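In what follows, a single structure is set out as structure tokens and then discussed.
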Amino acid sequence: MKRSGIYPGTFDPITNGHLDLIRRWRAIFDRVVVAVARNPQKGPLYPAQVRLAMAREAVADDPGIEVVLFDELLIDVARKLGCAAILRGLRAVSDFEYELQIALTNREMRPEIETVFLAPSIHFIYLSSSIVKEIASYGGPVSTLVPPGVETRLRATFGHHAPRKAATKGRKR
């Protein structure tokens, strides 16, 4: 029997921090479902179909990862897709309080579905989609923060077509 987990989020946009968690969960689960929430109340930068496409492109190299769009209770989506676990990343203690509340509520509704928490790699502990969007909006460098396709889309969205070059100190040689 394949072990499946579902990783929900708005993914507006998907970042290398998200991908770090997805790849590490794939080492534990046979199948990881990346569930892109429509979540219009969050006021996402990109429409749901665009966020879905960016996520699919970012994980296209791994057939054990599927990407779906959802707009219902996550616990119901997890059950319908045969997922044994909801996968969540925790960057800070402040994330834990909220995530624990949701996990306990989900357990009350569907005790057969567990919630599994994973800390991000140290390189991505600070990273969020909000930070990426802010940096991109000012034309800052995001190539180490997002997959190439997302970087291209961010540049087009904010009207910056090439990464800004860092200022150099000293004389030219």
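Before moving on, here are some points about what is shown:
- You can think of it this way: the chain between Asp62 and Phe117 has 17.6 nm of extra reach, that is 0.36 nm per residue less the Cα-Cα gap.
- Per residue, the accessible area of the chain comes to 59 Å², computed with a 1.4 Å probe over protein heavy atoms only.
- For the stretch 104-134, applying the loop criterion from DSSP together with a ceiling of 14 other beta carbons within 10 Å to the GluC sites (Glu not before Pro) yields Glu112.
- Amide proton proximity set for Leu87, modelled H, under 5 Å, gap of 5+: Ile6, Tyr7, Val116
- In the elastic network of the chain, a GNM with C-alpha springs shorter than 10 Å, the most mobile of Phe124, Phe96, Phe70 is Phe96.
- Summing Lys and Arg as +1 and Asp and Glu as -1 over all other residues whose Cβ lies under 10 Å from the Cβ of Leu127 gives a net charge of 0.
- Relative contact order of the stretch 1-134, pairs being alpha-carbon contacts under 8 Å that are 6 or more residues apart, as %: 31 percent
- Placing R0 at 30 angstrom, the Cβ-Cβ distance between Ile28 and Arg107 gives a FRET efficiency of 0.95 after rounding to 0.05.
The values are calculated or read from the model by the stated rules, or taken from the named source; none is laboratory data. Values in this document were obtained by computation on a predicted structure and should not be read as measured data. Glycine gets a Cβ as well: all are built from the backbone with ideal geometry, and neighbour counts include every protein chain shown. Areas reflect the complete protein model, heavy atoms only, side chains present, ligands, DNA and RNA absent. Shrake-Rupley method; radii C 1.70, N 1.55, O 1.52, S 1.80 Å.
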